[in-house]
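So the structure is just underneath, and the comments pick up after that.
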Amino acid sequence: MALNIEKLFSNLSCKLVNIEGFNHHVQFESSGISSRFMFFSGIHLDEKGASVALKNWFEKNESVIPDTLKVFQANPESLKRKKRGVTRWTWHGPEIIDANRYFGNERGNYWVAEEIKTIAAQHPNLKCAFSFHEEADKKGYREKDDGRIETFIRDPNSFYMYDAFNAEESTSDEIMPLYNSLASALTKQGFSLYSGFDDYKNDPKETVQLNPVDNGYCPQASDKNNFLDGSFENWVITQGMKRSFVFEIPSRISEERKQLMIKIIFEKFIIPFLNQVCPDLNLPNIGID
Ligand SMILES: [Zn+2]
């Protein structure tokens, strides 16, 4: 009985952080009897372009990848605001929070994170996650010789990705051949690869910043006990998923270019990766020249 009251309280408290939780629910689609591969986008409200391009790829390539769990619009809160963060109501008044930083806590989480955690728990065979975000920052960041951070103009065509993995079982080495093939296909199509820190704000309250990205690639060695930043993509590693990738699509390119980038990511990286980790799948190589 005590447990049920605890659960009720925790449900209530996460609903209370935002009234939208009463009217909206996170939508998902699953295929196959046991989903193994999770596709995820739209946790940030200003990243609709990546969600649309990801959905579009699955519409064109309906049955290419089996056993998927797809969450195209992870955050169902009002999209018309087109702001990255969401409002959480606290005793001190409204507070703007990053919706992708509330996956690690036991309670007091953002309601969207709670629903996504429930959906993932209903699919206990998930092995890896592929997450799509958009990068809107016009500035890049790098360290100067004196150790201070300087900004530079970020190429609006530039791509980068994170590779989060369980460091007890795996390394980034096994990913590099795939990444190199992705990187060369992207540059052939006129995209560039970002190098520098992913993000920097001179604010001690910012939870995650200064992740070093080298030529478009940022490894995040983690383990089941080392929860990096409260994001969905790091939370899944603590839940036993083998690997999660975040693809940062540049937000200032056209919808067609976003679709092209995502097509290349599937053909050069995701499908070859799935064939590497699950040889039983034997997925057809599509569009590979
Ligand atoms: Zn994002």
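What the table shows:
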item	result
Residue pairs meeting the criteria (Cβ under 8 Å; at least 6 apart or on separate chains; first over 20 Å from GLY216 (Cβ atoms), in the stretch 117-139; second within 14 Å of the ligand (Cβ to nearest atom) and among the β-branched types (Val, Ile, Thr))	ILE119/VAL71
Residue match in the stretch 129-141 (condition: modelled with pLDDT of 90 or more, more than 17 Å from the chain's Cα centre (by Cα), among the aromatic types (Phe, Trp, Tyr) and surrounded by 12 or more Cβ atoms within 10 Å (Cβ to Cβ))	yes
Filter pass, GLU20 being in contact with a Ser or Thr (Cβ under 8 Å, 6 or more places away or on another chain), crowded, with 19+ Cβ neighbours inside 10 Å and either farther than 16 Å from SER131 by Cα or at pLDDT 85 or above (or both)	no
Selected residue (criterion: surrounded by the fewest Cβ atoms within 10 Å (Cβ to Cβ)) from residues of the stretch 26-72 that are within 14 Å of the ligand (Cβ to nearest atom) and of a type in the set (Ser, Thr, Tyr)	SER51
Answer residue from the stretch 91-123, given it is part of a strand (DSSP E or B) and over 30 Å from PRO156 (Cβ atoms) and is farthest from the ligand (Cβ to nearest atom) among those	GLY93
Any hit, the stretch 259-269, residues being touching a His at 6+ places or on another chain (Cβ under 8 Å) and either at pLDDT 95 or above or of a type in the set (Ser, Thr, Tyr) (or both)	no
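The values are calculated or read from the model by the stated rules, or taken from the named source; none is laboratory data. These numbers come from a predicted model, not from an experiment. Methodologically, a virtual Cβ is constructed for each residue, glycine included, from the backbone with ideal geometry; neighbour enumeration extends over all protein chains shown.
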